[in-house]
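Asker: The following block contains the structure, expressed as structure tokens.
The values are calculated or read from the model by the stated rules, or taken from the named source; none is laboratory data. Bear in mind the structure is a predicted one, so any value in this text is a computation, not a measurement. Glycine gets a Cβ as well: all are built from the backbone with ideal geometry, and neighbour counts include every protein chain shown.
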Amino acid sequence: MILTRSIDEVRAALSAARHGGRRIALVPTMGALHAGHLDLLRRARAEAAVVVLTIFVNPTQFGPNEDLSRYPRPIERDLELARENEVSIVFLPSDATMYPSEPNLSISITNLADHLCGRSRPGHFNGVLQVVNKLFNIIQPDVALFGQKDIQQFRLIETMVDEFNHPIELIRAETIRESDGLALSSRNTYLSPEHRTLAPAIVQQLQHISDRLTSDPSLSVSELCEEAHQALTDIGFKNDYLSVVDYASLTPVLRVERGRAYVIAAAQVLGTTRLIDNVILQL
Ligand code: AMP
């Protein structure tokens, strides 16, 4: 496994593979690897001969009052897991490598960031697209893998690839969960034991809405969301959002229709930990 912090080195390591016609897969992460990340690596290995894992806690996607400084960085363990999971190259840049000077350019987003996390975390997705665009240009992968867990992020990257003509295939991998349903997240380590037992209620409520709308699409979406929101509030969650949005536009809907796809998504806060999750509803 090659470990490098330098853009020139990672490019040099990849150029031989590229010229040898070997396919390159990219799995971008912020580290603190868990089974969700490892599943992306497993799928990457099935897709390509060369698997590049990037670990970079991107400062530009964190708001001023978010958890940038306390975000977990267990780098030795991450490298051990990368080795065990047959990663070919780990790219571990510093902030100065990625942002040597104050950027003059940014990617602006219309509509797709108006709701869900885009609404509660202003500027977050501009930072995400900025770093993913740079990683795509540095690594130039044939295929890049992302998790459904961050569905708005996936839809925005899909749109960037489409509109900016990145010649990259994208794979959206299913959310990997604990046995009680909680979506794996590097932020789950922040949860107290009491909050950890409450946390699976988020996906239970999302799944409940999905089941109800599947059996009767004429039900009122706002009533279902209000009931779920209330159930979570009653057991101690602070609601950031809980919405049903159209899959393509990511805008909230009041009614659903057969033949269309939706995302039932929530961000809920337990103590100081903000958890997100979603369920895709294909009617
Ligand atoms: P992060 O390190 O949180 O930036 O995540 C890196 C990648 O892993 C992103 O594409 C995430 O969507 C994906 N990911 C995070 N959690 C999960 C999960 N529980 N299941 C599948 N993929 C995940």
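Asker: Condition test on Ile209, is it touching a residue at least 40 places away in the same chain (Cβ under 8 Å), of a type in the set (A, V, I, L, M) and within 16 Å of the ligand (Cβ to nearest atom)? Reasoning before the result, please.
Answerer: Details: touching a residue at least 40 places away in the same chain (Cβ under 8 Å): yes; of a type in the set (A, V, I, L, M): yes; within 16 Å of the ligand (Cβ to nearest atom): no.
No: the conditions fail for Ile209.
Asker: Only residues that are more than 12 Å from the ligand (Cβ to nearest atom) and either over 21 Å from Arg274 (Cα atoms) or among the basic types (Lys, Arg) (or both): list them for segment 186-206, please.
Answerer: Across segment 186-206, the qualifying residue is only Arg196.
Asker: Scan (1) within 25 Å of Ala13 (Cβ to Cβ); (2) touching an Asp or Glu at 6+ places or on another chain (Cβ under 9 Å) for the single condition Asn133 breaks and write down its number.
Answerer: With respect to (1) within 25 Å of Ala13 (Cβ to Cβ); (2) touching an Asp or Glu at 6+ places or on another chain (Cβ under 9 Å), Asn133 is out only on (2).
Asker: Taking the condition within 22 Å of Thr272 (Cα to Cα) and at pLDDT 95 or above, does Gly36 pass?
Answerer: no
Asker: If you take the residues of segment 253-273 that are buried (at least 18 other Cβ atoms within 10 Å of the Cβ) and more than 17 Å from Asp234 (Cα to Cα), which of them is modelled with the lowest pLDDT?
Answerer: Checking each candidate, the answer is Thr273.
Asker: Name the pairs whose Cβ atoms lie under 8 Å apart, with the first residue in segment 37-48 and more than 14 Å from Arg83 (Cα to Cα), the second among the basic types (Lys, Arg), and 6 or more positions between them or separate chains?
Answerer: Glu47/Arg23; Ala48/Arg22; Ala48/Arg23
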